[in-house]
1. Would you please classify the overall shape of the stretch 24-149 from the alpha carbon gyration tensor, given that a ≥ b ≥ c denote the square roots of the eigenvalues, rounded means a/c under 1.5, and beyond that prolate means a/b larger than b/c while oblate covers the rest?
2. Counting other beta carbons within 10 Å of each Cβ, put 208, 58, 185 in order, fewest first.
3. Cα axis of helix 194-211 to longest principal axis of the chain: angle in degrees, 0 to 90, nearest 10?
4. Roughly what angle does helix 13-24 make with the longest principal axis of the chain, taking Cα atoms, 0 to 90 degrees, to the nearest 10?
5. If one takes the longest principal axis of the Cα atoms in the chain, at what angle in degrees, from 0 to 90 and to the nearest 10, does the Cα axis of helix 120-129 lie?
6. Can you check how the C-alpha radius of gyration of the stretch 1-79 compares to 2.2 N^0.38 Å, as a plain ratio?
7. Can you give the % of DSSP beta bridges in the chain that are antiparallel, to the nearest 5?
8. For residue 191, list the aspartates and glutamates whose Cα falls under 20 Å from its own Cα; do not include residues on the same chain fewer than 8 positions away.
Amino acid sequence: MTETLTIALSKGRILKDTLPLLAYAGVTPIDDPDTSRKLILDTNQADIKLLVIRASDVPTYVEYGAAQIGVAGKDVLLEHDGTGLYEPVDLKIAVCKIMVAAENGKSIDQPRIRVATKYVKTARRYFASKEQQAEIIKLYGSMELAPIAGLADCIVDLVDTGNTLKANGLSPVEHIADISSRLVVNKAAMKIRHEQIKQFIRQIETAVAKKK
Ligand code: AMP
């Protein structure tokens, strides 16, 4: 029997879009991930297990080899420092953008600005790349509140329809990057278990192409 392949999945919105792709690739969890309280799910394939974890923890599980494969948003990967990951497939799910947003009509064209965000590294890199001095303030949620409450001049956040910004009197002002979920693979596992992992990657690539 082949060694167990452990796949770390991001909870929430990404999980909802990942399960149909896994199903296309022939992998279905035995318990319903939406209702099960299990953190490790068995699948219809005896040698494949799923971990359902917080999105920002996925790269860590894969980098340390606790999972050989993971599904993570590019937003999370941009914030992750590690070098132990390959990113072989763009799954084209949970597509959105990471953007700078400010109050309607307000410019962020100032020599020094305050930026509130959960995406500290991405924001720091972005403002450094355009040589604008930025004080980055780390928040854990509800970023839209920061400009309204006077905490920051702008925010860096994920934008899909733009409705959340709009509902809070904010507008997108600058585009930082396009975001979608990616398949990530532990580099050492890719070497040691090449055949098994390559086969899984091929199945997922086919699933992504079929879904289009
Ligand atoms: P929207 O109102 O459609 O622009 O959605 C914006 C909110 O939904 C943001 O505050 C994000 O936190 C969240 N969001 C949108 N797209 C994604 C995604 N692909 N992954 C995770 N969160 C997202």
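A short reminder: the numbers here are calculations on the coordinates, not readings from a lab. Just so it is clear, the structure is predicted and the values come from calculations on it, not from any experiment. Virtual Cβ from ideal backbone geometry, glycine too; neighbours counted across all protein chains shown.
1. Numbers: a/c = 2.88, a/b = 2.20, b/c = 1.31.
Prolate, because a/c is 1.5 or more and a/b exceeds b/c.
2. Values: 208 18, 58 29, 185 24.
Ascending Cβ contact count within 10 Å gives the list 208, 185, 58.
3. 60
4. 30
5. The helix 120-129 is inclined about 60 degrees to the chain.
6. Working: Rg = 11.9 Å, N = 79, 2.2 N^0.38 = 11.6 Å.
The reported ratio for this selection is 1.03.
7. Details: 27 of 45 bridges.
Counting only bridges with both partners in the chain, antiparallel ones make up about 60 percent.
8. 3, 47, 63, 87, 205
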